[in-house]
1. Please work out the Kirkwood hydrodynamic radius for segment 230-284, using every pair of different C-alpha atoms, and report it in angstroms with one decimal place.
2. So what's segment 127-208 giving for Rg/Rh, alpha carbon basis, Kirkwood Rh from the mean inverse pair distance?
3. Kirkwood hydrodynamic radius, computed over distinct alpha-carbon pairs, for segment 167-212: how many Å, to one decimal?
4. I'd like to know which of Thr32, Ile234, Pro162 lies farthest towards the positive end of the charge dipole of the chain, counting +1 on Cβ of Lys and Arg and -1 on Cβ of Asp and Glu.
5. Place a +1 charge on the Cβ of each Lys and Arg in segment 42-95 and a -1 charge on the Cβ of each Asp and Glu, then give the dipole magnitude about the Cα centre in debye, rounded to the nearest 20.
6. Three principal axis extents, largest first, for the C-alpha atoms of segment 63-216, in Å?
7. With everything on Cα atoms, drop me the angle between helix 19-38 and the longest principal axis of the chain, reported from 0 to 90° to the nearest 10.
8. Could you tell me what a quarter of the Cα convex hull surface of segment 24-88 works out to, in nm² with one decimal place?
Amino acid sequence: MNELIQALEQLQAEKGIDKEVIFEAIEASLVTACKKNFGTSQNVTVNMDRNKGTVRVLAWKNVVAEVTDPALEILVDEAVKINDNYKVGDVCEIEVTPKNFGRIAAQNAKQVVVQKLREAERGIVYGEYKGKERDMVSGLIQRKEKGNVYINLGKIEALLAPKEQIPGEPYAMNQRIKAYVLEVKNGQRGPMVMVSRTHPELIQRLFEQEVPEIHDGIVMIKSISREAGSRSKIAVYSKDPMVDPLGACVGPSGNRVNTIVHELAGEKIDIVIWNEEPARFIAAALSPAEVERVEVDKEGFTATVVVPDHQLSLAIGKEGQNARLAARLTGYKIDIKSETQAAQEAEEEEYEYEYEFIEEEDDELTMDESIGEEE
């Protein structure tokens, strides 16, 4: 058993597993093994010497004047042979270590060590990946089952559920992909990493990786709106007036943003300049459309945007996508109108105002006429 002590000390040094925890687990398993293999119904405990590894099985019996249950009781005359101080009513400790118990102890010790080692390794992996929640990981696609994609991260497997997959994106075996860590669970079979390819913050992590200015905190991503697999918009701002945030994100010849687009299977990315003035920010968010003017209600978080007639469809986008993404990016409800529509509505409002004013004048004349008749 000295080899076991050496092994436990090595595990404690290399894996950080407290050997006292293993000793206690071995002792608990040996109590079960003792009752199972030797059919005892006694109240037994197992003590394992921490230095030598030797094992003793101890039974606890009540000291009585007359024995009715030999498994649980001992005569006072027998008890005093063990210790002169025992008297009726005391609990006597008796060694009942079975023959060949050393072999059983060794087998159980090995099983416990293996189990604790597995648990410790799972705990280490869980702790490592728990710290990566809300971060990005990279791995190889290992298999696909029932719509789920399983990604080998090296020490652990990640699950990419159907709802977290980019629509229409092919997932080939051994393909390397990057994903956003949603959650790390500690299940019965070990840690489980839940990842996403559709989460907006995946865009953030990809830009942090590709753009040194973002990684260093010089350029900030203020907001992101995304429809995974189709289009995303990001608003960027530079703390340093000498650094162009748009140019930093695009990169020389567009290589930085193109790398991200390629990673996201061709998803289009619009990069706009963030501005603390809502009107300017909303105008930028509607790019690539040109904007004539923006009227903002800051309290109601609504905005009316007027664009040239030929830019209306571009501003709204296919099935309203551009306007929808701009609204999410800015946090404002956006109403987009063409110049012609805005002019017509202005004329109608002016006509209604004049009509109401004339009516008010007519009412006043009628009142004057009626007063004159009375006189």
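Values in this text are rule-based calculations from the coordinates and carry no lab data. Worth saying up front: this structure is predicted, and the values here are computed from it rather than measured. Counting neighbours? That spans all protein chains shown, and the Cβs are built from the backbone with ideal geometry, glycine included.
1. On the way: mean 1/r = 0.0825 Å⁻¹.
After inverting the pairwise mean of 1/r, the radius is 12.1 Å.
2. Values: Rg = 11.9 Å, Rh = 12.7 Å.
Checking Rg against Rh, the ratio lands at 0.93.
3. On the way: mean 1/r = 0.0793 Å⁻¹.
Here the Kirkwood hydrodynamic radius works out to 12.6 Å.
4. Thr32
5. Working: 6 positive and 10 negative charges, 73 e Å.
The dipole magnitude comes to about 360 debye.
6. Answer, in whole Å and largest first: 84, 35, 25 Å.
7. 60
8. Details: hull surface 21.4 nm².
That works out to 5.3 nm², a quarter of the Cα hull's surface.
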